[in-house]
1. In contact with a helix residue (DSSP H, G or I) (Cβ under 6 Å, 6 or more places away or on another chain) and of a type in the set (Asp, Glu): which single residue out of ASP288, ASP330 fits that description?
2. When the range 375-387 is examined, which residues are found to be without any contact (Cβ under 8 Å) to a residue 24 or more places away in the chain and assigned to a helix (DSSP H, G or I)?
3. Taking the criterion of being among the polar types (S, T, N, Q) and at pLDDT 95 or above, would at least one residue in the range 249-270 satisfy it?
4. For the range 303-326, which residues satisfy the criterion of being small (Gly, Ala, Ser), closer than 19 Å to LYS361 by Cα and not in a loop (DSSP other than H, G, I, E, B)?
5. Within the range 231-248, restricting attention to residues that are touching a helix residue (DSSP H, G or I) at 6+ places or on another chain (Cβ under 6 Å) and either at pLDDT 85 or above or open to solvent by less than 30 Å² (accessible area, probe 1.4 Å) (or both), which residue is farthest from HIS133 (Cα to Cα)?
6. In the range 290-323, what residues are under 15 Å from ALA279 (Cα atoms) and of a type in the set (Ser, Thr, Tyr)?
7. Just give me the residues in the range 280-303 being among the polar types (S, T, N, Q) and open to solvent by 10 Å² or more (accessible area, probe 1.4 Å), in sequence order.
8. Which residue pairs have Cβ atoms under 8 Å apart, sit 6 or more places apart or on different chains, and have a first residue in the range 305-326 that is in the same structural domain as SER362 (by TED's automatic domain parsing) and a second that is at pLDDT below 95 and of a type outside the set (A, V, I, L, M, F, W, C)?
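The values are calculated or read from the model by the stated rules, or taken from the named source; none is laboratory data. No experiment lies behind these values; they were computed from the predicted model shown. Cβ placement follows ideal geometry from the backbone for every residue including glycine, while neighbour counts extend to all protein chains displayed. Heavy atoms of the whole protein, side chains included, go into the accessibility calculation; ligands, DNA and RNA do not. Shrake-Rupley method; radii C 1.70, N 1.55, O 1.52, S 1.80 Å.
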Amino acid sequence: MIARARLAIGLVALVAGRMGQAEPALPPPYAGAYQPQGVDEQGLWALMDEEERRFAQSDMVMREAALQAYVTKVLCDTVGADRCGATRVYIVRVPVFNASMSPNGLMQVYSGLLLRVHSEAELGAVLGHEFGHFEARHSLEQLKTQRSSGDVMAWAFVLANMAPSYDVVRAYRNLQLTIIGNFYRFGRNQEREADGLGIGYLNSSALRPQAAAQVWERLMSEFTADARAKGLKKPRFDRIPFYATHPPEAERAATLTLLARPDAATRDDGAARYRAALAPWLPQLLEDQIKLNDFGASEFIIQSLAESGWTAPLWHARGELYRMRGAPRDLVHAAQFYAQAIALDDTHAEAHRGLGLSLLKSGQTAPGQQALRRYLALKPDAPDAKLIGMMIPKEVPAP
């Protein structure tokens, strides 16, 4: 294929050390939405269409129209309006780094991905990579390579019983992803080809293609921070299915850096637009991440988001992270972080709640109760208002 040839040229250049001199990877001319050929492919399409109808009803799908429209726009800005017209984007509330695309045009974007990328260019790099799998027909190659007979329904039975690969999805065992997102795990050569196509889309867009390498560098740093928090010298990437099939991080980042057009380095990456668009959902995404109980990874994510400036939601999230861990020193830090959130936004009700609970648990009864009173004043209809009220003594009227 054209993309394979171009990517191979880029890899040869990488080995030769010709950094910055590689021929930019360009996507092949768009041939339009693919139509299934033959009984097997038509059967796979029918299966995917049925799975999509079921998937669209899942309570794990985030139905915020504005967020879906924004992510779709980033995809279109990356791969082009003609290409993205063949896709349907679903945002799934699962706090892990992932996205996938099925051969019938369904694109699945995990909420954990949205939390970890910092700009439209970075999001476009991942979405473009997944679209590259779609345009290169990798899922069809998987089907043709791995099936043992021409009975697509027998193969469908195998697909439907595959389990999610990420350990952290153990907290979402009721997630009905079935075939979607489980079958589409590709080999390293296919991943390299998708990387080449993805960077080609960015090169041809108005976004900064150098952002592609930053995604993987930051993700590796997250896993490293998480490993250190757990007392490990380095992360066990061999135990992470995502990295078992994807190219090594050093190769990937270097290759993407090489294939990015040097004259595009000054382009806008859409970071400010991305922060503004994601702001309404950021507290929810951070809450989901903290509930995973991965302290090192969560601390890294919060700190990396704060590189563009600390905000009340970020300080509050950091306070929640430390309060949930709950060691005596953690409670001291949590109170400080909540206070920082309140200093930036005194109307941030949840920050007052967290501050009050941290102070109470630290034995600082009076200031803790004062913070909880402020929480109830700001949010009298809070779901936990009755419980919080029980922690605050009622004022006894003077005789």
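1. Numbers: ASP288 fails: in contact with a helix residue (DSSP H, G or I) (Cβ under 6 Å, 6 or more places away or on another chain).
Just one listed residue meets the conditions, ASP330.
2. Scanning the range 375-387 gives LEU376, ALA377, ALA385, LYS386, LEU387.
3. Step one: filter the range 249-270 for residues among the polar types (S, T, N, Q), giving 255, 257, 266.
The next check asks that each one be at pLDDT 95 or above; those that pass are 266.
Yes - at least one qualifying residue is present in the range 249-270.
4. Initially, the range 303-326 is screened for residues small (Gly, Ala, Ser), giving 304, 306, 308-309, 312, 317, 319, 326.
Next, from what is left, pick out any that are closer than 19 Å to LYS361 by Cα: 317, 319, 326.
Hits for the range 303-326 are ALA317, GLY319.
5. PRO235
6. Answer for the range 290-323, where residues must be under 15 Å from ALA279 (Cα atoms) and of a type in the set (Ser, Thr, Tyr): SER308, THR311.
7. GLN284, ASN293, GLN303
8. As it stands, the answer is MET324/ASN293, since those pairs meet every condition given.
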